[in-house]
Amino acid sequence: MAYQSIDPMSGEEVFPAPTATDAEVEQALATAHEAFRSWSALSFAERAEPIRRAAALFRERAEELGALQTAEMGMPIGFSVMMSGEMIADMLEYYADNAESFVADEPIAAAPEGGTDYLSHEPMGIIYAIEFWNVPYYQPVRPACGNLMAGNVVILKHASNVPGCANAVADIFREAGLPEGVFTNLYASHAQSDATIADSRVRGVTLTGSDAAGARIAEKADVAIKPAVLELGGSDPMVVLEDADLAVTAQCSMFRFLNAGQACISNKRIIVAGEIFDEYLEQFRFLGDSMVAGDPKDQATTYGPMVSVQAADEVRDQIRRAVEAGATAV
């Protein structure tokens, strides 16, 4: 698979990146495996220091990072800057503040013969993170911050269309003082990724992606007998009943358009009680008409392009097929 980001507005290349060689994959695994020994031996306070520095760097570079994120996948710049700075920094600081208590020893009922029993949480090793492109900084940092604070090390395989954002995350962690191998960005192919999951040095896998991708990765992890954490796609319903405040409800409905509809946590379907449908639709249309579509680099834009021409064509085809089946486009 080729790693290449294309600006969805201009069609220009943003950040080309060569796929890793097999030797580079092996080097990444070997370095991470060795780094785990020393990183896991540090205290929580020692691990928190570079995590806090990384948070500060994300805040300081929010404008620069947001511009790259917008160029690679089309997120409107105002939202992009927020999702590149404060949101990421808060998450990192949250785990720096709380990780020790999250994995503290848990007392359990003593054995009949007496004594002290407890459940202890220990670092595992290399966690392989396969991440999605829709929020290119948030997605890899989310699994990384908790795992890093817990004493694990992380190898990131990001989506192939946001290699620049993947590189930026790795650069910030490196500049913040994470030792070599504690967080690694790897431009791996699908075949290399499968081999990495199977490698005995990798002790867990996390993925954000489609149901199909999740099923495939779960199978690979299952064969290798290692845990996998999967955040997959859905079809979240929003139900509007007769007693709803329609002005507020219609405003909440606009969440469907967040990030040009490319947000896994957004409502996907809206089910409205028949007797209030017309009134709801009027409110919904009014708010829809108020959105500003255009160049995502323009601060006034609230609705930017989809990530690619292919993605936009797929949505157009979905609309066409829905109308042919009897739906009404509003």
What relative contact order, as a whole-number percentage, does segment 237-324 give when Cα pairs under 8 Å and 6 or more residues apart are counted? 27 percent
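Just to be sure I understand: of the beta bridges DSSP finds with both ends in the chain, what percent are antiparallel, rounded to 5? Before the final figure, lay out the partial values.
On the way: 7 of 30 bridges.
In the chain, DSSP labels about 25 percent of beta bridges as antiparallel.
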Under-5 Å amide H pairs with TYR3, H placed in peptide plane, nonlocal only: ALA17, THR19
Here the relative contact order (percent) of segment 124-187, from C-alpha pairs under 8 Å and at least 6 apart, is 37 percent
Can you list residues whose amide H is under 5 Å from VAL154's amide H, if they're 5+ apart or on another chain and H is modeled 1.01 Å from N? ILE127, PHE183, THR184
Please work out, to two decimal places, the log10 of the ratio I(q)/I(0) at q = 0.12, 0.14 Å⁻¹ from a Debye calculation in which every Cα of the chain carries one identical scatterer. -0.92, -1.16
In Hz, Karplus ³J(HN,Hα) per residue of segment 294-302 (6.51, -1.76, 1.60; θ = phi - 60°; x = Gly, Pro): x, 5, x, 7, 8, 4, 6, 6, 10
Which of ALA188, ALA263, ALA67 moves most in a GNM of the chain, Cα contacts under 10 Å? ALA263
Once you list every other residue whose beta carbon is under 13 Å from the beta carbon of VAL239, what net charge do they have if Lys and Arg are +1 and Asp and Glu are -1? -1
Given a Förster distance of 51 angstrom, what is the FRET efficiency for ASP243 paired with ALA56, based on the Cβ-Cβ distance and rounded to 0.05? 0.65
Students often check this: by mean Cβ neighbours within 10 Å, which of 251-260, 86-95, 132-141, 285-294 ranks highest, and how do the rest follow? 132-141, 86-95, 251-260, 285-294
Taking the Cβ of VAL103 as the centre, find all other residues whose Cβ is under 14 Å away and add up their charges (Lys, Arg: +1; Asp, Glu: -1). -4
Segment 237-324 - Rg (one decimal) and Dmax (whole number), Cα, Å: 14.4, 41
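Could you give the dipole magnitude of the chain about its Cα centre, charging the beta-carbon of Lys and Arg +1 and that of Asp and Glu -1, in debye to the nearest 20? All intermediate terms of the calculation are to be shown ahead of the outcome.
Details: 22 positive and 48 negative charges, 110 e Å.
Charge dipole, the chain, about its Cα centre: 540 debye, nearest 20.
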Total charge of the residues flanking ARG320 in space, meaning their Cβ is under 15 Å from its Cβ, with Lys and Arg +1 and Asp and Glu -1, is -2
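Below 8 Å between Cα atoms, with a sequence gap of 6+, how large is the relative contact order for the chain in percent?
Working: 592 pairs, mean separation 65.6, N = 330.
The value is 20 percent.
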If one builds a Gaussian network model of the chain from Cα atoms under 10 Å apart, the most fluctuating residue listed among PRO143, PRO16, PRO305 is PRO16
Cut-off under 17 Å on the C-alpha distance; same-chain residues fewer than 8 positions from LYS297 excluded. Which aspartates and glutamates are left, in chain and number order? ASP7, GLU12, GLU13, GLU63, GLU64, GLU72
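If the chain between ASP313 and GLN251 were fully stretched, how many nm would it gain, using 0.36 nm times the residue separation less the Cα-Cα distance? Before the final figure, lay out each step's value.
Working: separation 62, 0.36 × 62 = 22.32 nm, distance 2.71 nm.
Once the chain is fully extended between ASP313 and GLN251, it gains 19.6 nm.
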Can you sort GLU122, GLU63 so the residue with the fewest Cβ neighbours within 10 Å comes first? GLU122, GLU63
Distant-in-sequence amide H partners of ALA224 (H built 1.01 Å from N, under 5 Å): none
Once TYR94 and ASP236 are pulled to full extension, the length gained, defined as 0.36 nm per residue separation minus their Cα-Cα distance, is 48.4 nm
Nearest-0.05 FRET efficiency for ALA212 and ARG321 at R0 = 22 Å, using Cβ-Cβ distance, is 0.65
Based on DSSP H runs of at least 4 residues, each adding -39500 (n - 2.57), what is the mean residue ellipticity at 222 nm of the chain after dividing by all its residues, to the nearest 500 deg cm²/dmol? -15500 deg cm²/dmol
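Every number in this text was worked out from the coordinates using simple rules, so none of it is lab data. Because the structure is predicted, anything quoted here is derived from the model rather than measured. Reconstructed Cβ throughout: ideal geometry from the backbone, glycine too, with neighbour counts over all protein chains shown.
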